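Read through the structure below, which is laid out as structure tokens, and then see the notes.
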Ligand code: HEM
């Protein structure tokens, strides 16, 4: 309490201390305004390692990426899960997992993350491909099950309406008509609704009846409201002070109530095993279990949606990138598959996805430009952290050690012209480029949108696959354009520290089914 009220005193051997004039608040406002700029200025003034008071916490930033390994490899003294367990339990509304009430649960939860990799990942990826096509076809107003019979030709879909009113070989013909002209939608909305629903279906499974979960729109609306106050919840602002948030979170949790989840058809193995795991703990109530499931929804779409936005936006605003990526996609799917995607599912195997090297580079470049996550570790005991052969700093128990990858992603020494989008930045001689340098020394860590070390995002392989699939399906299914005269998309920096930043402004997208494209 003394140190909160009066500020703590710097001790010999500790990093420079920057605590501002206002107790508790410290430098919070400057940090929130533009964390990258703020930290760069402090680095110029105080060197590569310094401690700043932010929102009541003393955070020691290690800015030089050549020093990152010294932090990432100290798992025992610099723990991630202490922080994430506390933050997640307060945010999503379940009792903290560590600390004795749920013996073994934390370890089991970690173990199940392996079901987001390997063979289980292939299954999840396959499901995502199907679901993306189901959801995107709705944008063409083609209901599921309305596929034409075998003698169908792709052109049939785009015949003038009068003509195909007369056809009697369509199923459910009266219920729908293909939208054969341009539609306009906010680009972020487009990415939001598609990635949200397709990911949901792939992870949690289908409803008992039909292809779309009843209440999906309301779920999305409530999710957005909750997500908009997410930065405050993570910063430990009590939920009672956040207006309707508690009620909204309650509604979200009730969507994942065990009675409901138990009825969904074919959830992925990861979710099935989590349901089973939670059932073994009598100390977990139904809403606690629901809160754990909801947390996975947030983890799986919270970053993927803005990532889908930036990936598509950058391609649509860089014709040379779009042309290269299109050509690469056409190298892995057949002409026939491409032409029939509006009505027939195509699949992309792991091997096909792996061959999309330029697309992967383009995605990674978009992530580099939009990612603003912080890697936080909690100091477990007072100790001296040795940084390199010459430098060491004393750390205090309970403080945070923070890596700020955005500063590395924007370092002109590592990435020349760092603000520029270069879709092929991560390709060299037809393969993934992995050597990046700082002060002429090769970096071990150079791209960190998914965190680092043993605590890296367990969903990262799925995330990259689904982003690749999203771009492939959207480019194959639609002709897309961003109408001229719009301002460039800007990053919404108010969510700095939490992952991929969403856009701050509206961007209009126009699209129509691809085969309506006029030959040049
Ligand atoms: C954790 C980023 C997609 C599941 C994290 C962390 C980051 C991250 C930065 C914290 C890691 C650390 O601090 O070391 C991203 C980004 C994504 C993405 C940028 C998309 C572009 C996904 C997906 C899933 C997922 C699709 C699940 C299907 C998780 C989980 C954790 C996590 C469960 C917590 C891990 C733990 O508690 O140990 N993610 N993620 N993420 N992510 Fe992701």
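Just so you know, all these numbers are worked out from the coordinates, no wet-lab data involved. Small disclaimer: the values here were computed from a predicted structure and weren't measured. Backbone-built Cβ (ideal geometry, glycine too); neighbour counts: all protein chains shown.
This ranking places 310, 10 by how few other beta-carbon atoms lie within 10 Å of each, fewest first, which gives 10, 310. The mean sequence separation of alpha-carbon pairs under 8 Å and at least six residues apart, normalised by the residue count of the chain, gives a relative contact order of 23 percent. For the chain, DSSP calls about 85 percent of its internal beta bridges antiparallel. The modelled label-to-label distance for the pair residue 344/residue 479, using points 7 Å beyond Cα in the direction of Cβ, is 2.3 nm.
Where a ≥ b ≥ c are the square roots of the eigenvalues of the C-alpha gyration tensor, would you call the stretch 4-43 rounded, which needs a/c under 1.5, or, failing that, prolate if a/b is larger than b/c, or oblate? Taking the square roots of the gyration eigenvalues as a ≥ b ≥ c, the stretch 4-43 is oblate. Note: relative contact order over the stretch 441-520, using C-alpha pairs below 8 Å and six or more positions apart, is 30 percent. For the stretch 177-216, report the translational diffusion coefficient in µm²/s to the nearest whole number, using Stokes-Einstein at 37 °C, 0.692 mPa s, and a Kirkwood Rh over Cα pairs. For these conditions, the coefficient is 273 µm²/s.
Hey, what's the per residue convex hull volume over the C-alpha atoms of the stretch 307-401, in cubic angstrom?
Per residue, the Cα convex hull of the stretch 307-401 comes to 193 Å³.
Against the empirical curve 2.2 N^0.38 Å, the C-alpha radius of gyration of the stretch 217-260 lands at a ratio of 1.17. Given a Förster radius of 56 Å and the C-beta distance between residue 73 and residue 487 as r, what FRET efficiency does 1/(1 + (r/R0)^6) yield to the nearest 0.05? For residue 73 and residue 487, the calculated efficiency is 0.80.
Between residue 327 and residue 429, the modelled label-to-label distance comes to 2.1 nm, taking each label 7 Å out from Cα in the direction of the beta carbon. Compared with the dominant Cα axis of the chain, that is its longest principal axis, helix 81-92 is turned about 50°.
With the simple spin-label model, which puts each label point 7 Å out from Cα in the Cβ direction, the residue 440 to residue 208 separation comes to 7.0 nm. Taking the 0 to 90 degree range and rounding to the nearest ten, how far is the long axis of helix 269-279 tilted relative to the main principal axis of the chain, both from C-alpha atoms? Tilt of helix 269-279: around 60 degrees. All C-alpha pair distances within the stretch 290-353, sorted into 5 Å bins from zero, spread as 4, 13, 14, 15, 22, 15, 9, 6, 3, 0 percent across the bins. Over the Cα atoms of the stretch 390-506, the radius of gyration divided by the Kirkwood radius equals 1.01; this is the Rg/Rh ratio. Per-residue extension of 0.36 nm, minus the Cα-Cα distance of residue 250 and residue 221, leaves a gain of 9.1 nm for this segment. Above 32 Å, the calculated P(r) of the chain contains 47 percent of its Cα-Cα pairs. Taking the longest Cα principal axis of the chain as reference, the axis of helix 286-301 is set at about 80 degrees. Considering only alpha-carbon pairs that sit under 8 angstrom and 6 or more positions apart, the relative contact order computed for the stretch 324-405 is 24 percent.
Distance distribution P(r), the stretch 441-481, all Cα-Cα pairs, bin width 10 angstrom from 0: 24, 34, 25, 16, 2 percent. Each 10 Å bin from zero up to the one holding the largest Cα-Cα distance in the stretch 461-505 carries the following percent of pairs: 22, 29, 44, 6.
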